[in-house]
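Single-structure report; data block below.
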Amino acid sequence: MSHALLTAFGLFAVAAMIICYELEARSPRYILGFAVACWLGAVYGFLQGAWPFGIAEVFWGAIAIKKWRGAKPVVRGNGAGTA
């Protein structure tokens, strides 16, 4: 894998982590997305040769899966308030 392609992959993984982390309150799907993005970040870390980063991302992904399993679906109202 070329250096530029590896860098783009790492940028994608980290950007996905940030986006999913920010949107976690909207749906448990984003928590799952964060876990997957962490594991993509781990792959990047290992390919880059930064194995401590890779190991940390594996654990962050596992923590996110645990959080995802305990998450309740977000229930949204229909927008009609009671006055």
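All of the numbers you see were taken from the coordinates with simple rules; none came from a lab. Note that this is a predicted model, so its numbers are computed, not measured. For neighbour counting, all protein chains shown are included, and Cβ atoms are generated from backbone atoms with ideal geometry for every residue, glycine included.
Some observations on this one:
- Among the residues of this structure, Ala15 counts as one that is among the aliphatic types (A, V, I, L, M), outside any loop (DSSP other than H, G, I, E, B) and surrounded by fewer than 16 Cβ atoms within 10 Å (Cβ to Cβ).
- Filtered by the rule that a residue be closer than 15 Å to Phe53 by Cα and touching a helix residue (DSSP H, G or I) at 6+ places or on another chain (Cβ under 8 Å), the stretch 10-34 gives Gly10, Ala13, Val14, Met17.
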